[in-house]
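Asker: Here it is, the structure in full.
The values are calculated or read from the model by the stated rules, or taken from the named source; none is laboratory data. Keep in mind it's a predicted model, so treat the numbers as computed, not measured. Positions of Cβ are backbone-derived with ideal geometry, glycine not excepted, and every protein chain shown enters the neighbour counts. Note: areas computed on protein heavy atoms with side chains; ligands, DNA, RNA excluded. Shrake-Rupley method; radii C 1.70, N 1.55, O 1.52, S 1.80 Å.
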Amino acid sequence: MAYVDDFPTDARIVRWNMAVAFLALGVGGLFGMVQALHRTGVFRGFVSSADYYTVLTGHGVLLALVFTIFALCGLFTWGVTRSLDRSLPSPKLTYTWFGMMFVGAAVAAITILGGLVPSIPFNADVLYTFYAPMKAHPAFYAGLALFIVGTWLAGFDWFRTYWHWRGDNPDQRIPLQTFMVLTTMLMWYISSAGVAVEVLFFLLPWSLGLIAEVDPLLTRTLFWYFGHPVVYFWLMPAYFIWYTVLPKLSGGRLFSDPLARVVFVLFLLLSTPVGFHHQYVDPGIPEGFKFIAMTNTMFLLLPSLLTAFTVVASMEHGARQRGGEGRLSWLRKLPWDEPAFAGCALAGLMFAAGGFSGIINAGMNINYLVHNTLWVPGHFHLTVGTASALTFMAAGYWLFPQITGNRLRFRSLATVQPYLWFVGMTLMSNAMHRAGLAGIPRRTAEPQYGSVTFEGVVGGVSEMRIQIAIGGTLLFVALLLFLIVVFGTWLGGDGTDTIRVNGSIPAPLSGPEHSPKILDNLKLWTAVAIVLIVLAYGLPLSALVADGLFAPGSPPIPV
Amino acid sequence: MEIHRYEKLWTVAALLLIVGLIATVTYGAVGPGVTMVSDSGGTVDADSLGDTEFGDPGVTQVGENEYEVHVVARQFLFQPGTAEPIRVPANSEVTFYITAADVVHGFEVAGTNVNVMAIPGQVAEVTVRFDDPAEYGIVCHEYCGSGHHTMAGQLVVVPEDEYDTEGS
C-alpha cells in the first residue's frame, strides 16, 4: 500500500505543494543561470544590466521563499499524517491555506516579473530583502503578507491534527516527525512575526501613501529578525528528511531519537535571537547586542554538529547492515547509485562545508572582510541551494512514487542528477567564496569597474568567473533533469503501478522512551525561546523606536 | 536519557569549539582592539544633510596624523570618492563618517576591512590606520537601484611629504 492509497486527500495536497515548489524551482533556477552568465560577463544577451535586478529579485523570492516553503508544506503534511496515522481534520482548512499561499506567491511573482515588461505599470525590483526606502508596488507586499498568513494557517492545520491525535492518545510520546513539524512551526510563528509587522504596519501603508516615512534601520532590523530564522525554516525540513528518511535509505535506522528531539528544541530556542549577525556593520546598533547575537549564533552550531554525528552514525549503521566493514570502507556499501540516497548524502556533505563558511560570517571581526561580498552567496548556495534544495529533490525521488502511485521514471537521469548538481555547485560555490575574499560584491549586474581592481588570494578573477558560469549552467542542467524525472513520474502513469519503494520508516535504535518527558513540553520551550528573544532584541528595538516609530524617516524611493 | 559514549565526546568537543570561537572574537576585541561598527555615529536627518557636517563632505585634519572623512552615498556615487578620489596621507589614522542621502548603500574599500552599510538617517563611524601609500577601489555592495553596478570610487593613500606640499 502506498501513501496515496491510505491518504488520498492528503496525498493530493502534498502533490500540489510539491508541484508549486518545483515549478518555482524551475523558473528561479533559470533566473540563476541568467545571473551567473550575466554578472561574469560570459553572456549578457538575456536582459539589460538594469533589468538584472528584476531577475535577481525573482531568483531570491522564488527560491528562498516560494520553493522552499511550498516544499516544506508538502513534506510536513506528509510527515504529520504519516507519523500520526491520520488525515488532516478538515480539507476546507487545508485548501484555504494552500489557496492563500498560492495566490500570495503568484501576486508577488507577477509583480516582480512585471519589471521585465515595460508596458506593465508594476514592478518590485527590491530584491528578496526589500530594504526600505526602495519601494515596490504595494501588490508585492500584499502578496507576501497573504503568503505568510497562509503558512500560519498551514501550521494551525498540523497542530490541529496533533491535538486530535493527542485526544485519542493522552499518554504517548509525540511521534518524531510530528515533533519536528511542531517545533519548526513554533519557531516560524515567533520569527515570522517580525516580517509580518514590517510589511503590514510599515511597508504596505507606506507604499500606499498612508504614512509618509518609515525608519530604514527599524524596518531592516525587523526584516533580519525574521531573515535568519527563515534559513532554519528551509533547513529543518532537510534535517527532518536526514533524521527520518535518510537512515532508512542507507539500509538501517535512526541512531538516536532523543538527540533528534534535543536538536529541534535547540533550533526553536536559538533560531530567532541571532538576527543582528546580519547587521554587524550597520550603524545605529550598539556593539553589545551584536555580541549577544554572535554568541547565540555560535551556539546554533551545536544542533548542527549533533546532527552531523547522529546522521553519519545512522548511515554507518545502515552500511554495516548491508555488510560494510572497517573504519571507513563501510562507506563503499552505501547505495550510492540510489538517487534518493545519493542526493541526501551529497547534500549533507556540502552542508558541512557551508556550515564552516557560515562560522566565518558569524564571527564579528572577520565578518568585516566578507560582508556583502560574493562569499555570502557562495555560503548560502551550499545551505539553501544544496542542503535544502538537493535534499528536497532527493526526497522527491523517494516520495513521488508514494504520493502518485507511479513508479519512478527515467531512473538513469535521476541517478546522474545529484552528482551533476554536486559538481556544478562545487565549481560555482568555491569560486564565489574566493571571489568574496577578493572583495567582489554580491548583488550586482557588473562587478567590473574602471577604478577598482580585485586581487584573488588563490587564482585569478577571470578563472573564478569561468567557474561560476560553468557551475551555474551545470546546476540548471541538473535542475532540468530533475524536473523531467518528477513530472514524468507524476504525469506519465495512471497510479496503478506496483511501486518499488515502501513508505515504512523503521523505529530508531534508541527510541523516544529513552528521552526525558520534558522534551515534549512545547509550552515550556516556547516560553524560554521568547525570553531569549526579549533579552536579545528588547533594548535595541526600544532604543530604535525611542525617537518615534517613523524617525529618522525616509520617504519611498521608486526603483 | 541514554547518551552513547561517542555522542558525549562529540558534544563536549562541539561545545569546546563553540566556546573557542567566541573566545577568539573576544580576544580580537580586547587584545588587538578590533571594534565593531556601533551606534557611536548618531543619527542625522537624511532629507536635510546640507545643514549637518555632511553639507560639505570631505577630508579634515583633526590632529597630528589624524584625519576625519565625511562621505555621503547617494544614487549612484560617493561624495567624495567617485568624482574625485578620497586622498589621505600615509602613516595616518583616518576616521570615516558615512551616511546615505536616499536609499541603503554599501561602502567597501576593496581588499581592506573598511566595509560598512550606509543607511539613511544613521551615521557609520569606522577608524582605520593607513601605513603605506596605496590605491584602493571603493564599491557600493548593497543594491541601490538600476545603476548600482556603476557606483564605485577610489581611495588614494599618498606619501606623507607629497600630501603636505599639496595641502599647503
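Asker: Along the Cα-to-Cβ line of A:Ala507, 7 Å from the Cα, sits a label point; which residues in the range A:170-199 have backbone N less than 14 Å from it?
Answerer: A:173, A:175-176
Asker: If you don't mind, another one. Which lysines have a Cα less than 29 Å from the Cα of A:Lys290, not counting those fewer than 8 places away in the same chain?
Answerer: By straight Cα distance, A:Lys290 reaches A:Lys135, A:Lys523.
Asker: Follow-up. Which FRET efficiency value, to the nearest 0.05, is calculated for A:Ala50 and B:Asp45 with the Förster distance at 45 angstrom and r the Cβ-Cβ distance? It would help to have the intermediate numbers written out before the result.
Answerer: On the way: r = 30 Å, r/R0 = 0.67.
Between A:Ala50 and B:Asp45 the formula returns 0.90.
Asker: In Å, what Kirkwood hydrodynamic radius results for the range A:407-553 from the alpha-carbon pair distances?
Answerer: One over the average 1/r among Cα pairs gives 21.9 Å for the range A:407-553.
Asker: Let me cross-check B:Val72: its accessible surface, 1.4 Å probe, with only protein heavy atoms counted, in Å² to the nearest 10?
Answerer: Probe radius 1.4 Å; accessible area of B:Val72 about 0 Å².
Asker: Counting alpha carbon pairs within less than 8 Å and at least 6 residues apart, what relative contact order, in whole percent, applies to the range A:368-522?
Answerer: Once normalised by length, the contact order is 37 percent.
Asker: What angle do you read, to the nearest 10 degrees and between 0 and 90, between the alpha-carbon axis of helix B:5-30 and the longest principal axis of chain B?
Answerer: 20
Asker: Considering the options B:His105, B:Val30, B:Ala134, tell which one lies farthest towards the positive end of the dipole of the range B:25-168, charges being +1 on Lys and Arg and -1 on Asp and Glu at the Cβ, about the Cα centre.
Answerer: Result: B:His105, furthest along the dipole toward the positive end.
Asker: Only helices at least 24 Å long along their own axis, judged from Cα atoms, and with Kyte-Doolittle mean hydropathy of -0.5 or greater: name those in chain A from DSSP H. Before the final figure, lay out each step's value.
Answerer: On the way: long enough: A:8-39 (46 Å, 0.72); A:91-113 (32 Å, 1.35); A:138-168 (46 Å, 0.27); A:176-197 (32 Å, 1.40); A:301-321 (30 Å, 0.67); A:339-362 (33 Å, 1.42); A:411-437 (40 Å, 0.40); A:461-491 (44 Å, 1.92); A:522-546 (34 Å, 2.07).
Those that pass (Cα extent of 24 Å or more, hydropathy at least -0.5) are A:8-39, A:91-113, A:138-168, A:176-197, A:301-321, A:339-362, A:411-437, A:461-491, A:522-546.
Asker: For every helix of n ≥ 4 consecutive DSSP H residues, a contribution of -39,500 (n - 2.57) applies; sum these over the protein assembly as shown, divide by its total residues, and give [θ] at 222 nm rounded to the nearest 500 deg cm²/dmol.
Answerer: Rounded to the nearest 500, the figure is -18000 deg cm²/dmol.
Asker: Which residues, if any, in the range A:487-519 lose at least 30 square angstrom of accessible heavy-atom surface (probe 1.4 Å) when the other protein chains sit next to their chain rather than the chain being alone?
Answerer: A:His514
Asker: Find the accessible area per residue for chain A; the probe is 1.4 Å, ligands and nucleic acids are left out, and the unit is Å².
Answerer: It amounts to 33 Å² per residue over chain A.
Asker: Straight-line reach from A:Lys248: which aspartates and glutamates have a Cα under 13 Å away, not including same-chain ones fewer than 8 places off?
Answerer: The qualifying aspartates and glutamates are A:Glu316, A:Glu338.
Asker: Then there is this: B:Leu16 to A:Phe122: FRET efficiency via 1/(1 + (r/R0)^6), r the Cβ-Cβ distance, R0 51 Å, to the nearest 0.05?
Answerer: Details: r = 53 Å, r/R0 = 1.04.
Here the calculated transfer efficiency is 0.45.
Asker: Taking the Cβ-Cβ separation of A:Lys523 and A:Arg86 as r and a Förster radius of 22 Å, what is the calculated FRET efficiency to the nearest 0.05? Show your work: numbers first, answer last.
Answerer: Values: r = 23 Å, r/R0 = 1.04.
FRET efficiency, A:Lys523 to A:Arg86: 0.45.
Asker: Would chain A count as rounded, prolate or oblate if I go by the C-alpha gyration tensor, calling it rounded below 1.5 in a/c and otherwise prolate when a/b exceeds b/c, oblate otherwise?
Answerer: Note, shape of chain A comes out rounded.
Asker: Related question: Am I reading the A/B interface right? What is its buried accessible area, both sides, 1.4 Å probe, to the nearest 100 Å²?
Answerer: It comes to approximately 5500 Å² buried between A and B.
Asker: Average partner chain C-beta neighbours within 10 Å, per residue of A:298-309?
Answerer: Numbers: counts 7, 6, 1, 5, 5, 1, 1, 7, 4, 0, 2, 8.
Per-residue shielding by partner chains comes out at 4.
Asker: When the accessible area of the protein assembly as shown is split by element with a 1.4 Å probe, what percent falls to carbon and sulfur? If you can, show how the numbers build up before the last one.
Answerer: Working: 16400 of 26140 Å².
Taking all protein chains in place, the protein assembly as shown shows 63 percent carbon and sulfur surface.
Asker: Something else now. Enter the accessible area per residue of the range B:50-168 (Å², integer; probe 1.4 Å; all protein chains in place).
Answerer: Numbers: 4490 Å² over 119 residues.
That works out to 38 Å² for each residue.
Asker: Which one, A:Leu254, A:Val452, A:Tyr162, projects farthest toward the positive side of the charge dipole computed for chain A from Cβ point charges (K/R +1, D/E -1)?
Answerer: Selected residue: A:Leu254.
Asker: Semi-axes of the equivalent ellipsoid of the range B:29-158: what are they in whole Å, largest first, if each equals the square root of 5 times a C-alpha gyration tensor eigenvalue?
Answerer: On the way: eigenvalues 94, 56, 44 Å².
So the equivalent ellipsoid measures 22, 17, 15 Å along its semi-axes.
Asker: Using +1 at the C-beta of Lys and Arg and -1 at the C-beta of Asp and Glu, which of B:Gln75, B:Tyr163, B:Ser146 has the Cα lying farthest in the positive direction of the dipole of chain B?
Answerer: Sorting the options by dipole projection puts first B:Ser146.
Asker: Percent relative contact order of the range A:208-347, based on C-alpha pairs within less than 8 angstrom and at least six residues apart?
Answerer: Relative contact order for the range A:208-347 comes out at 31 percent.
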